[in-house]
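Read through the structure below, which is laid out as structure tokens, and then see the notes.
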Amino acid sequence: MTITRRQFGAGAAAAAASLAMPSIVTGARAQGVTTLRLHHFLPPVSNAHAKLLAPWARKVEAESQGRLKIDIFPAMQLGGTPPQLFDQSRDGVADIVWTLPGNTPGRFPATEVFELPFIASKRAIVNARAAQEFADLHLKDEVKDVKLIAYWAHDAGVIHANKAVRTMDDLKGLKLRNPTRLAGEALKALGATSVGMPVPQVPESLAQRVIDGAVIPWEVVPAVKVHELVRFHTEIPGSPTLYTASFFLSMNKARYEGLAPELRAVIDANSGQAFAALAGPMWDNEAQTVSAMVRARSGNTISAISEEEKQRWIKATEPVHSAWIEQVKGRGLDGAALIADARRLVAKYEAIAG
């Protein structure tokens with residue numbers, strides 16, 4: 001078939017028009033969709049999954065006009081164990097992970113300041129915002145291998161056990177799961193037998209009497225059925241509280257840097273203090289909801305130690321601070337200065353929260 005000059009010109013014009021058309025289409029159809037995989041350790045029924053990570057993922061998707069899609073893989077569905085999650089984000093096994101730095105004891109020494117006894121607030125909104133500002137000031141070297149989306153901490157931890165705990169004497173010999181190395185040191189200082197394990201192992205360990213109880217916040221209780229496995233729940237009144245655990249939401253650095261600038265901007269707009277503003281209220285609200293649910297159950301008892309007893313606990317755990325300051329000195333850190341700064345930031349955000 002012979003193509004005339006006129007036919008060729010018309011065809012070229014049509015082709016040019018067809019190539020130009022996508023440039024006026026906005027959103028995912030024009031630019032394509034980038035899918036990111038977010039991996040974490042709790043089941044999809046957990047509050048952190050359903051009421052924090054999933055809404056955050058939807059917010060990112062909406063603000064990117066559908067160009068970013070975040071698929072969440074709960075309960076270690078991509079393989080590995082909870083202590084391996086941070087490296088999965090570093091190495092690209094997952095694009096984003098939610099994990100605890102305390103799952104790898106000693107690896108992130110500056111984060112341990114929030115795990116020390118009687119540093120954190122009883123409220124998550126205070127701890128989340130204070131921890132994030134602390135990260136901006138002090139954690140850059142420790143997390144340089146990833147894009148740190150957020151660093152935050154939950155509300156007051158609660159002692160859940162198969163016997164009532166009202167005093168230090170009640171803790172003697174009690175085998176309690178600890179969430180972090182320094183929470184474990186605090187429990188030992190109070191007379192308990194401290195057992196470290198990731199939270200997904202708690203239900204089976206309680207059922208098989210490997211442990212007598214666990215120290216976890218109210219928020220996670222329903223996901224691991226602790227209220228069905230033990231009867232007694234002991235709160236620590238006021239601030240500072242016995243302990244908190246901190247969290248990373250980290251992203252593979254190459255994956256982040258490979259995004260288009262406008263998509264990186266969406267991630268950035270939903271990072272740091274913006275994420276803390278979502279995380280803090282979730283933990284605080286769920287603490288009220290879950291504790292009310294447990295209180296209403298027949299057979300479960302919620303109590304609190306007295307203020308006088310709390311002062312005994314504070315005194316008993318002071319050596320944990322001293323030992324930590326000496327330990328991190330060998331890592332080139334001024335532990336006393338980090339404690340002072342963490343306390344300053346907690347006080348700052350206590351005042352802001354009112």
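The values are calculated or read from the model by the stated rules, or taken from the named source; none is laboratory data. Keep in mind the model is a prediction, meaning the values are calculated, not measured. Please note: Cβ atoms are built from the backbone with ideal geometry, for glycine as well, and neighbour counts cover all protein chains shown.
Quick notes on this structure:
- Within the set GLU318, GLU350, GLU307, GLU326, the sole residue that is over 19 Å from LYS163 (Cβ atoms) and in contact with a Lys or Arg (Cβ under 9 Å, 6 or more places away or on another chain) turns out to be GLU350.
- Single unsatisfied condition, TYR256 versus (1) outside the structural domain of SER46 (by TED's automatic domain parsing); (2) part of a helix (DSSP H, G or I): (1)
- Residues of segment 279-293 classified as farther than 12 Å from HIS154 by Cβ and of a type in the set (A, V, I, L, M), total: 3
- Any hit, segment 300-315, residues being touching a strand residue (DSSP E or B) at 6+ places or on another chain (Cβ under 8 Å), in a loop (DSSP other than H, G, I, E, B) and at pLDDT 95 or above: yes
- Among (1) in contact (Cβ under 8 Å) with a residue 24 or more places away in the chain; (2) in a helix (DSSP H, G or I); (3) polar (S, T, N, Q), the one test that GLN77 misses: (2)
- Test: GLU286 is in a helix (DSSP H, G or I) and within 21 Å of the chain's Cα centre (by Cα): yes
Yes/no matrix, rows are residues, columns are (1) at pLDDT 95 or above; (2) surrounded by fewer than 18 Cβ atoms within 10 Å (Cβ to Cβ); (3) not aliphatic (A, V, I, L, M):
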site	(1), (2), (3)
ASP169	yes, yes, yes
ARG177	yes, no, yes
LEU187	yes, no, no
SER194	yes, no, yes
VAL202	yes, no, no
ALA207	yes, yes, no
ASP212	yes, no, yes
VAL215	yes, no, no
GLU219	yes, no, yes
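- Being closer than 21 Å to THR180 by Cα, free of Cβ contacts under 8 Å to residues at least 60 places away in the same chain and of a type in the set (S, T, N, Q) holds for only one residue in SER298, SER322, and it is SER322.
- Those residues of segment 328-343 which are surrounded by 13 or more Cβ atoms within 10 Å (Cβ to Cβ) and either free of Cβ contacts under 8 Å to residues at least 60 places away in the same chain or farther than 16 Å from LEU137 by Cβ (or both), in sequence order: ALA336
- Exclusive hit being touching a residue at least 60 places away in the same chain (Cβ under 8 Å), farther than 24 Å from MET282 by Cα, assigned to a helix (DSSP H, G or I) and in contact with a helix residue (DSSP H, G or I) (Cβ under 8 Å, 6 or more places away or on another chain), set ALA131, ALA94, ALA110: ALA110
- Counting only strands (runs of 3 or more DSSP E) that sit completely within segment 147-222, zero hold 1 or more residues that are in the same structural domain as ALA276 (by TED's automatic domain parsing), under 30 Å from ALA265 (Cα atoms) and within 16 Å of the chain's Cα centre (by Cα).
- Considering segment 223-243, and only residues there that are outside any strand (DSSP E or B) and of a type in the set (S, T, N, Q), the residue that is nearest to the chain's Cα centre (by Cα) turns out to be THR241.
- No other residue among ASP341, ASP268, ASP334 is in the same structural domain as PHE108 (by TED's automatic domain parsing) and acidic (Asp, Glu) apart from ASP268.
- Set SER250, SER291, SER303: member being surrounded by 22 or more Cβ atoms within 10 Å (Cβ to Cβ) and polar (S, T, N, Q): SER250
- All positions within segment 307-327 that are touching a Pro at 6+ places or on another chain (Cβ under 8 Å) and surrounded by 12 or more Cβ atoms within 10 Å (Cβ to Cβ): LYS310, TRP313, ILE314, THR317, VAL320, HIS321, GLN327
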